[in-house]
1. Using a 1.4 Å probe and ignoring any ligands, DNA or RNA, find the accessible area of SER126 and quote it in Å² to the nearest 10.
2. Return the sequence-ordered ³J(HN,Hα) values of the range 129-135 in whole Hz as given by the Karplus equation 6.51 cos²θ - 1.76 cosθ + 1.60 applied to θ = phi - 60°, using x for Gly and Pro.
Amino acid sequence: MNIATLTVLKFDTPGGAEHALQVIEDLSKQQLITLQDAAIVSWPMGKKKPKTKQLTSMTGVGALSGAFWGMLFGLIFLVPIFGMVVGAAIGALSASFADVGISDDFIKSVRSKVTEGTSALFLLTSDAVQDKVVEATRGMKFELIASNLSQEEEDKLREVFAEEEAAAPAH
């Protein structure tokens, strides 16, 4: 298995990410990319904070926990998401993300670019057939904010968030 890539595609419309996800899912069905997990942030005009959605259909080896997406979005957008409360934990959280290859610069970059009236598609992928993916996304207008994870960082990411998931109180 190739190294996973956490990719963020930023779109200039609130619906852009949703459309792009459909294209990526089609590519995944054609086995041109391995879509391990995904989440969407859409920020309609006039709203104080973005709406987020994790792909609930994603299950299996690659899928990250809701805790991961909740904490990442909480850290980026400084809002509690998926019912998680983010507060004093931000410092520790930031350090945990740095350990798994998600730097402060990455977080700040996403925060500054994904704003009201835009959307973003967060993808955890591997094994992409680059030319086919480029071809399929050619007509889309997006900005790429990518963070490649080493195998060690990817393993650590899964380990950290498997623990978080187990430690989270059930509601």
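The values are calculated or read from the model by the stated rules, or taken from the named source; none is laboratory data. Computed from a prediction, not measured in an experiment: that's the story for all the values here. To get the accessible areas, we keep the full protein, side chains included, count just its heavy atoms, and leave off ligands, DNA and RNA. Shrake-Rupley method; radii C 1.70, N 1.55, O 1.52, S 1.80 Å.
1. We get 0 Å² for SER126.
2. Running phi through 6.51 cos²θ - 1.76 cosθ + 1.60 with θ = phi - 60° gives 8, 3, 4, 5, 5, 4, 4 Hz.
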